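Structure, as structure tokens:
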Amino acid sequence: MKLHLLAACFSTTVLALSAGSAHAEDAKSKVTVVLAETVDVVEPCMAARQDVGRVISENVNEMLVEFDYVNGGLKPRLATEWSKIDDDTWEFKLRPNVKWHDGKPFTAKDVQFTIERNKNKKLSCETGGKYFGGTEFSFETPDANTIRITTKPAQPILPLLMTVMAVESAEATPANEFTRKPIGTGPYTFDKWDIGQSIVLKRNPEYWGEKPQVEQATYLFRSDSAVAAAMVDAGEADIVPAVSVQDATNKETDFAYPNSETTSLRIDTRAAPLNDRRIREAMNLAIDRQAMLGTLFPEQAKIATQLVVPTTIGYNPDIPAWPYDPEKAKALVEAAKADGVPIDREIRIIGRNGQYPNATEAMEAMMAMLQEVGLNVKLDMYDVSVWNGYFVAPFVADSGPTLTQSQHDNATGDPVFTAFVKYATDGSHSMVRDPAVDALIAKATSATGDERTKLWKELFAKVNTEIIADIPMFHMVGFTRVSPRLDFKPTIATNSELQLSQIRFK
């Protein structure tokens, strides 16, 4: 009897140990990522939105061309090679034998469909509005693996533009509405979306490329940086791409990276009193940027004078930083008041919850500084779905004068990713209505070499010193918390994508 009991106990113990070991092995191949904003769309044409990109870009849906953030330059992804046919036309050779997650073949028609869909005004795609605005496309598809793309005006950097366009299936993707379950060609399939709670991706067993180590990724949403960081410490999460400077306290798990973002407030130059240049100048003079460094913003951040970082071609070093001069700001406000400008009219700051660490506190500080110089300023903080209505055209109607919190990423080094969307009359984020600006953007877009650099410098001088379209704040630095069990370090790319295939287990 005792022998039977011992045998039963031994058997139970072995089963328990085996189950525990299997569970540990299973957990080892999975990761949990905590994002600051709740992802409210899973549409690839919205992957220019930070946390959408961290889920979708190069994980589910891939680009034609990939930017090499380590060595610089471009490298093949869904396109294996590309060449310039003439001033207006580029030819892309596509990777053969690639299949969509539903088993259908990837072809040139999918690339054409994706570009046309991004340009569909009914969808208001973030990628189309930001990067393809002002450009007309036509196509030739001589065979299934070749596409020739002609642009008006000429796009000498079209392969670079292809690094931000997530390609979608022409057969599986709705043409006139956002998809709720993206079908891609990437190393991960879109498995499950518990709206407002989590997203799950699973490794694609039929992927054309190298098999990644991560088998499954779960994305959770926590707006509180301290809570998210603590989840890594507790073993409940593996990566938090964005933690605040005050929570980045552990040298073993917290890593700083230059994230190419520039923070600002976009000024609605159409509405009084913001349509008076003196008020726009006064607001820039009212902000004590230096006092915010090391407190609300990382001390490693740099005070910005324009919306592109210094490594971008056409960055204009001759634009001076705004000094903190509240007395001059007050004088400008009083002078405008004396001329009948309605300075008492309420100006709303439209803030975005979780856009970056300490976002709410930063907006509160700026509101107080603007109030100090005699302006009637109120703060409204919104989640991204509501904020987007104020930030992206067509804008919320009858919103009155607004300053909209913004954070702009230009990691690829050319102002074409910034200029049209931010400053052209038809730009989807633009409050500027100036024919001279439109002409300058069009000319710079099709220029090359030194002439391109010169024209972009002229544009940034015009919008920042003559028009004063923004309140530029900081070129940012990001902090990421990474579990000790992972071999992963953030790069400038972590700001807009998080390729699971680049994660290794120790």
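Taken together, the values in this text are just the output of simple stated rules run on the coordinates, not laboratory data. Predicted, not measured: the structure shown is a model, and the values here were computed from it. Neighbour counts run over all protein chains shown; Cβ positions are idealised from the backbone, glycine included.
A few remarks follow.
- Note on Val70, Val416: ascending count of other Cβ atoms within 10 Å places them as Val70, Val416, the fewest first.
- Relative protection proxy for 461-472, 112-123, from highest mean packing down: 461-472, 112-123 (other beta-carbon atoms within 10 angstrom).
- Phi angles of segment 319-331 translate, via the Karplus equation with coefficients 6.51, -1.76, 1.60 and θ = phi - 60°, into HN-Hα couplings of 7, x, 5, 5, x, 8, 9, x, 5, 5, 4, 4, 5 Hz per residue; Gly and Pro are given as x.
- With respect to the chain, whose longest principal axis is taken over its alpha-carbon atoms, helix 277-286 is tilted by about 60°.
- Equivalent-ellipsoid semi-axes of segment 51-206, from the Cα gyration tensor, Å, largest first: 25, 17, 16
- For the chain, the longest principal axis of the Cα atoms and the long axis of helix 435-446 meet at an angle of about 40 degrees.
- By other beta-carbon atoms within 10 Å, ranking Tyr219, Tyr423 with the fewest at the front produces Tyr219, Tyr423.
- Estimated FRET transfer efficiency when R0 is 30 angstrom, pair Asp143-Glu177 (beta carbons, to 0.05): 0.45
- Least to most buried among Thr263, Thr360, Thr311 (fewest other Cβ within 10 Å first): Thr311, Thr360, Thr263
- In terms of overall dimensions, segment 259-477 has a Cα radius of gyration and Dmax of 16.5, 48 angstrom.
- Qualifying lysines (Cα of each under 30 Å from Cα of Lys489; at least 8 residues distant if same chain): Lys28, Lys30, Lys75, Lys130, Lys181, Lys192, Lys202, Lys211, Lys251, Lys302, Lys506
- Glu91 paired with Arg277, simple spin-label distance in nm, labels 7 Å along Cα-to-beta-carbon: 5.0
- Charging the Cβ of each Asp and Glu at -1 and of each Lys and Arg at +1, and nothing else, the dipole of segment 108-217 about its Cα centre rounds to 280 debye.
- Taken along the Cα-to-beta-carbon direction at a fixed 7 Å, the label points for Ala321 and Lys122 span 4.9 nm.
- Around the Cα centre of the chain, unit charges on the Cβ atoms of Lys, Arg, Asp and Glu (plus for the first two, minus for the last two) sum to a dipole of about 640 debye.
- Ignoring lysines fewer than eight residues from Lys337 along the same chain, the ones with Cα atoms less than 23 angstrom from its Cα are Lys328, Lys378.
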